[in-house]
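See structure below.
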Ligand code: MTE
Ligand code: HPA
Ligand code: MOS
């Protein structure tokens, strides 16, 4: 099936927040945010701004009827700063005016005063000061002492990865429309409509049932709208609630980049040991996570780093600790991979460093340590249906990796102005929200009298194609064409208490709920058909919009069947509820079975470095990916390609920089470089590993949103190996992103 949105996207007719026709009298809210990174005793004079013609009202924490709080996991984040500010960009007030332009002019008239405090942007200093967002956590397996005893080679080192701006094409935004009796309909560009509803209700001090959150689609989220879409929605609602007028808050690109959190920068200090035959004996690693000014989702992200710290390898003895540190930057948040990529980068750095020091190719170390069936992860779950070795061997064979490596080496022996490097990146990513209680979803399916269908789920469409998959599930179960089915907006009144669309689980959780609801409807319809045909229901099925009896097509069409069912007063609506089976986690022991299954894969990457200029191209990425039984290969392939490029961007050119005063320097697309069409490798191949799929995956089609982000890591090591080929004396650093500037400096170090 084609993406259900492809035509409207192509025609520019798809509706995002800013495309919703505005109701007459709509007002605009502009956020006034802190110009300093750390201060107390705020004295802010709004007088002149308030008097500016066209300004309706300026809202501060004093106007909040309920709780001034947006923190989802830990209540450490006010909607509007009260007496202190902790980062540049922290919201302090909302200027509501007749137009955005007026609000912007008025903003300049606000006079800020405060007592400034020391600014900390370095998480390592924050750690020294014991400035933690939450207490550290440690996962352990085996015994480090045994590992050390059995090790012939022991390698110690450090790696670091930087932040990343989400750069969703649609910036954060929301539109709040007051209804009668103080109720609100809230349009929000959010991955988590229920969080928006719940937190807005708490802020307004009204029950959740007074707020209807409606989401058509997002122009991208990538995790950045999992919970950081909430403040803007709450602000618009606050103003709408008090003024009884529709209010829109839609961030400009500059405001969005300045005010919102990013991927968490991490550092890792590791020690790793190997036996004589290069089997990993132990891995001890301490991560420092830069959480920004408040907890946001950092505790959950820390958890996924712990879960993914051993990458795709079996390590019998390991001890993994993460410290989550508070700094004076915007609270960092969910971003594709959710702490997993940072864990992967550290273990791959450790292996690469060991390979350099021992003097063997890293692929040799990687390959013999890949997870195999029944291997235990540090969190207690065992690898089942492990495809790490299978995908590695398949990639080796399909892509002639041995030949390619020879060609790279030959190229390097003949050239000095250009050097090539390659890497192989294995993937093993756990699917489920790490927080077990979040793994459930519901769907509502209506069959209308004319045979057409409307489906509502908790899933948010953000470009990944989840709506298309939901339609496919219903069409498949009911035996009808997808063009009979409409996917409705995601709406908290139709489907309540949703988890955000995240953790790559949107299609699995919501798809299973659709499958259940459609399955119930099918049973009922088969009963109706069996009455009509005077025959047993076992012999009946529906296909191609016809009822079949004993494998023969009957005269009864889908439409006829529905009409008959309706006249017989049969219930033509159903709600499905799904909760992932078999998952659990015991935090007191840090052991359990947190994931429904794992996704595997292997990427081969080649880079070419210009040794005069330091610039480089990622030339080739060839991927064998475990899709299970993909239900929509084009969509899934698009996810792999998109994740790959986003991953390459993170590790190569995207560099977030704050100055020592906490001011974001890379605050626009002129200073923050993201991959464009020219950064896309000339050769990107994505092929499916032939597997059975997994019963916990929707129609055995495995989750695909985040895992392939990990393949981007290959770009780092391919470039690094090209540098090494030019400058063998270079003592490799594992500090991403490996920008062109960094490459130039390393070539001649
Ligand atoms: N693809 C597009 N086009 N836009 C997005 O915002 N978000 C990613 C991924 N792919 C995203 C995307 C992230 S972070 C997640 S968790 C998954 O999609 C969520 O959707 P799913 O659960 O349906 O895979
Ligand atoms: N992944 C993504 N988002 C989340 C998770 C997770 O595991 N847990 C809570 N939010
Ligand atoms: Mo994705 S980071 O789980 O929204």
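The values are calculated or read from the model by the stated rules, or taken from the named source; none is laboratory data. Here the structure is a predicted model, which is why all the values come from computation and not from measurement. Glycine gets a Cβ as well: all are built from the backbone with ideal geometry, and neighbour counts include every protein chain shown.
Among the listed residues 241, 222, identify the single one that is part of a helix (DSSP H, G or I) and over 18 Å from residue 91 (Cα atoms).
Step by step, each of 241, 222 is checked, and only 241 is part of a helix (DSSP H, G or I) and over 18 Å from residue 91 (Cα atoms).
For region 388-427, what are the residues that are surrounded by 19 or more Cβ atoms within 10 Å (Cβ to Cβ), part of a helix (DSSP H, G or I) and more than 33 Å from the chain's Cα centre (by Cα)?
Once the filter is applied, which keeps residues that are surrounded by 19 or more Cβ atoms within 10 Å (Cβ to Cβ), part of a helix (DSSP H, G or I) and more than 33 Å from the chain's Cα centre (by Cα), region 388-427 yields only 408.
Would it be correct to say that residue 511 is within 14 Å of ligand 3 (Cβ to nearest atom) and either in contact with a helix residue (DSSP H, G or I) (Cβ under 8 Å, 6 or more places away or on another chain) or not assigned by TED's automatic domain parsing to the domain that holds residue 560 (or both)?
The answer is no for residue 511.
Which of the numbered conditions does residue 357 fail, given that it passes all the others? Conditions: (1) surrounded by fewer than 24 Cβ atoms within 10 Å (Cβ to Cβ); (2) under 21 Å from residue 585 (Cβ atoms).
Every listed condition holds for residue 357 apart from (2).
Yes/no matrix, rows are residues, columns are (1) under 24 Å from residue 173 (Cβ atoms); (2) not assigned by TED's automatic domain parsing to the domain that holds residue 304:
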site	(1), (2)
426	no, no
452	no, yes
458	yes, yes
462	yes, yes
473	no, yes
478	no, yes
482	no, yes
488	yes, yes
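So which of 669, 651 is touching a strand residue (DSSP E or B) at 6+ places or on another chain (Cβ under 9 Å) and either assigned to a loop (DSSP other than H, G, I, E, B) or closer than 26 Å to residue 620 by Cβ (or both)?
651
Here's the yes/no breakdown for (1) in a loop (DSSP other than H, G, I, E, B); (2) under 24 Å from residue 218 (Cα atoms); (3) in contact with a helix residue (DSSP H, G or I) (Cβ under 9 Å, 6 or more places away or on another chain); (4) modelled with pLDDT of 95 or more:
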{"residue": "470", "(1), (2), (3), (4)": "no, yes, yes, yes"}
{"residue": "473", "(1), (2), (3), (4)": "no, yes, yes, yes"}
{"residue": "476", "(1), (2), (3), (4)": "no, no, yes, yes"}
{"residue": "486", "(1), (2), (3), (4)": "no, yes, yes, yes"}
{"residue": "496", "(1), (2), (3), (4)": "yes, yes, yes, yes"}
{"residue": "503", "(1), (2), (3), (4)": "yes, yes, yes, yes"}
{"residue": "520", "(1), (2), (3), (4)": "no, no, no, yes"}
{"residue": "542", "(1), (2), (3), (4)": "no, no, yes, yes"}
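From the list 695, 749, pick out the single residue that is closer than 25 Å to residue 472 by Cβ and either over 21 Å from the mean Cα position of the chain (by Cα) or not in a loop (DSSP other than H, G, I, E, B) (or both).
Going through 695, 749 in turn, the sole match is 695.
Of the conditions (1) closer than 30 Å to residue 523 by Cβ; (2) part of a strand (DSSP E or B), residue 621 fails just one. Which one is it?
(1)
If only one of 341, 331 is within 16 Å of ligand 3 (Cβ to nearest atom), touching a residue at least 60 places away in the same chain (Cβ under 8 Å), touching a helix residue (DSSP H, G or I) at 6+ places or on another chain (Cβ under 8 Å) and farther than 18 Å from residue 706 by Cα, which one is it?
Just a single option satisfies the conditions, and that option is 331.
Within region 615-662, can you find the residues that are under 30 Å from residue 39 (Cβ atoms) and buried (at least 19 other Cβ atoms within 10 Å of the Cβ)?
Of everything in region 615-662, those that are under 30 Å from residue 39 (Cβ atoms) and buried (at least 19 other Cβ atoms within 10 Å of the Cβ) turn out to be 654, 655, 656, 658, 662.
Which numbered condition in (1) in a loop (DSSP other than H, G, I, E, B); (2) under 27 Å from residue 162 (Cα atoms); (3) over 22 Å from the mean Cα position of the chain (by Cα) is the only one that residue 719 fails?
(1)
Within region 657-669, can one find any residue that is touching a helix residue (DSSP H, G or I) at 6+ places or on another chain (Cβ under 9 Å), within 15 Å of ligand 1 (Cβ to nearest atom) and modelled with pLDDT of 95 or more?
no
Under the condition of being free of Cβ contacts under 8 Å to residues at least 40 places away in the same chain and part of a loop (DSSP other than H, G, I, E, B), which residue from region 174-195 is nearest to ligand 2 (Cβ to nearest atom)?
183
When you look at residue 710, is it in a helix (DSSP H, G or I), surrounded by 23 or more Cβ atoms within 10 Å (Cβ to Cβ) and within 16 Å of ligand 3 (Cβ to nearest atom), yes or no?
yes
Give me the residue from region 448-467 that is within 15 Å of ligand 3 (Cβ to nearest atom) and in a loop (DSSP other than H, G, I, E, B) and, out of that set, farthest from residue 579 (Cα to Cα).
463
Just give me the residues in region 202-243 being within 16 Å of ligand 1 (Cβ to nearest atom) and either at pLDDT below 95 or in contact with a strand residue (DSSP E or B) (Cβ under 8 Å, 6 or more places away or on another chain) (or both), in sequence order.
Across region 202-243, the qualifying residues are 215, 216, 229.
From the list 311, 339, 261, which one is closer than 26 Å to residue 601 by Cβ, buried (at least 24 other Cβ atoms within 10 Å of the Cβ) and within 16 Å of ligand 1 (Cβ to nearest atom)?
Only one candidate qualifies: 339.
Taking only region 179-195 into account, find how many residues are at positive phi and either within 16 Å of ligand 1 (Cβ to nearest atom) or touching a helix residue (DSSP H, G or I) at 6+ places or on another chain (Cβ under 7 Å) (or both).
Residues that pass the stated criteria total 1.
May I ask you to list pairs of residues, at least six apart or on different chains, whose Cβ atoms are under 7 Å apart, with the first in region 289-304 being under 14 Å from residue 328 (Cβ atoms) and the second being within 14 Å of ligand 3 (Cβ to nearest atom)?
Qualifying pairs under 7 Å: 290/264; 290/332; 291/264; 291/298; 291/332; 292/261; 292/332.
Does residue 171 meet the test of being modelled with pLDDT of 95 or more, more than 16 Å from ligand 2 (Cβ to nearest atom) and in a helix (DSSP H, G or I)?
Against the criterion (modelled with pLDDT of 95 or more, more than 16 Å from ligand 2 (Cβ to nearest atom) and in a helix (DSSP H, G or I)), residue 171 does not qualify.
So residue 229 clears everything in (1) surrounded by 19 or more Cβ atoms within 10 Å (Cβ to Cβ); (2) within 16 Å of the chain's Cα centre (by Cα); (3) more than 16 Å from ligand 2 (Cβ to nearest atom) except one condition, right? Which one?
If we test residue 229 against (1) surrounded by 19 or more Cβ atoms within 10 Å (Cβ to Cβ); (2) within 16 Å of the chain's Cα centre (by Cα); (3) more than 16 Å from ligand 2 (Cβ to nearest atom), just (3) comes out false.
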